[in-house]
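First comes the structure, then the notes that go with it.
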Amino acid sequence: MTLNLEIRKEKQNMSKFLTALQLSDSAFPTGGFAHSLGLEAVMKHKKINNTDDLLKFAVCSMENAGSFNIPFVKAAYEAVDEPTLPEVIDNPKMSHPSQESILRLIDLDNTCEACLSNHIANRASSRQGRSMLDTTYKATELHLLGSIQALIDENKLEGHHPVMFGYICSVLGVGKQEVIEMYMFGVLRCIVASAVRLSIIGPLQGQNIQYKLQQLVPSILKRNQKRCVEDAVITSPFIDVIQAKQDTLFSKLFYS
């Protein structure tokens, strides 16, 4: 009996690991390919002229994600009804989160909506969050995610990305620490991929930059580990200000 439980646990852990890889894969269509996190606007306003400028932008963006987005990711992760998680994984037909869980999710999403005063960042967050939910629901066929999709269809949720990311990963059973590391990885990957597409750097140089900068993730997360949603803050507002000019660019590759 003990051996069977250990085998079952090992299979579950492997399944969660593979799920984390799938959600982190750039081929997972969540709409991130259309967003540069403000990099295009900053470049077009001639604030990035060399690799050093790009590195500074990337670090500031990662710091912003750690101090603003991660508190929402963690809170949304905790909004899931934990006792039902094993049943959700084993039985895709389970479809209804508790009313308390729904209210927590709506409150978090409304708070995120109010805090994202930059209309470009707000629009990008909502689009990516909705896209992630839609893609994950269709990929997993978990009816629990379908219930959240229904809230968006009924205009009860904006579906902001950090909120949807945390909630979805929690439903799928990925560990909390892995989830926040995945989120930070996604932020850095988006910046590097955008820089390559904008011809600021080449593909190999991009991978070198990603390898070096992802070493900063543990320290960023450690500094913000006790930060709650009420304390969420943008630490590099300059990026936010320039990103708000994205729609005024004469020509552009990205929505944000």
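The values are calculated or read from the model by the stated rules, or taken from the named source; none is laboratory data. None of the values given here were measured: they were computed from a predicted structure. Positions of Cβ are generated from backbone atoms using ideal geometry, with glycine treated the same way; all protein chains shown enter the neighbour counts.
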How many residues of region 29-42 are surrounded by 22 or more Cβ atoms within 10 Å (Cβ to Cβ) and out of contact with any helix residue (DSSP H, G or I) (no Cβ under 6 Å at 6 or more places or on another chain)? The answer is 1
Inside region 144-169, the number of residues satisfying the requirement of being over 20 Å from V217 (Cβ atoms) and either assigned to a helix (DSSP H, G or I) or touching a Gly at 6+ places or on another chain (Cβ under 8 Å) (or both) is 17
For K74, are the conditions met, namely being basic (K, R) and either over 22 Å from the mean Cα position of the chain (by Cα) or at pLDDT below 85 (or both)?
-> no
So which of S170, S236, S199, S219 ends up being within 25 Å of T136 (Cβ to Cβ) and either out of contact with any His (no Cβ under 6 Å at 6 or more places or on another chain) or not aromatic (F, W, Y) (or both)?
-> S170
Index of the failed condition, V163 passing every other in (1) modelled with pLDDT of 95 or more; (2) over 24 Å from A114 (Cα atoms) = (2)
Condition test on L198, is it farther than 18 Å from G66 by Cα and either aromatic (F, W, Y) or at pLDDT below 95 (or both)?
-> yes
Among the residues of region 197-229, count how many are surrounded by fewer than 14 Cβ atoms within 10 Å (Cβ to Cβ), without any contact (Cβ under 8 Å) to a residue 40 or more places away in the chain and closer than 23 Å to I180 by Cβ.
-> 9
Kindly indicate whether V163 is of a type in the set (V, I, T) and either closer than 19 Å to T135 by Cα or without any contact (Cβ under 8 Å) to a residue 12 or more places away in the chain (or both).
-> yes
Could you tell me which residue of region 195-229 is farthest from E63 (Cα to Cα), considering only residues that are of a type in the set (V, I, T) and assigned to a helix (DSSP H, G or I)?
-> V196
Out of region 230-239, which residues are surrounded by fewer than 18 Cβ atoms within 10 Å (Cβ to Cβ) and assigned to a helix (DSSP H, G or I)?
-> E230, D231, P237, F238
Would you check if there is a residue in region 241-249 being surrounded by 13 or more Cβ atoms within 10 Å (Cβ to Cβ) and in contact with a Lys or Arg (Cβ under 6 Å, 6 or more places away or on another chain)?
-> yes
Residues within region 155-173 that are surrounded by fewer than 19 Cβ atoms within 10 Å (Cβ to Cβ) and over 14 Å from P97 (Cβ atoms), tallied | 2
The one condition L253 fails out of (1) part of a helix (DSSP H, G or I); (2) in contact with a Lys or Arg (Cβ under 7 Å, 6 or more places away or on another chain) is (1)
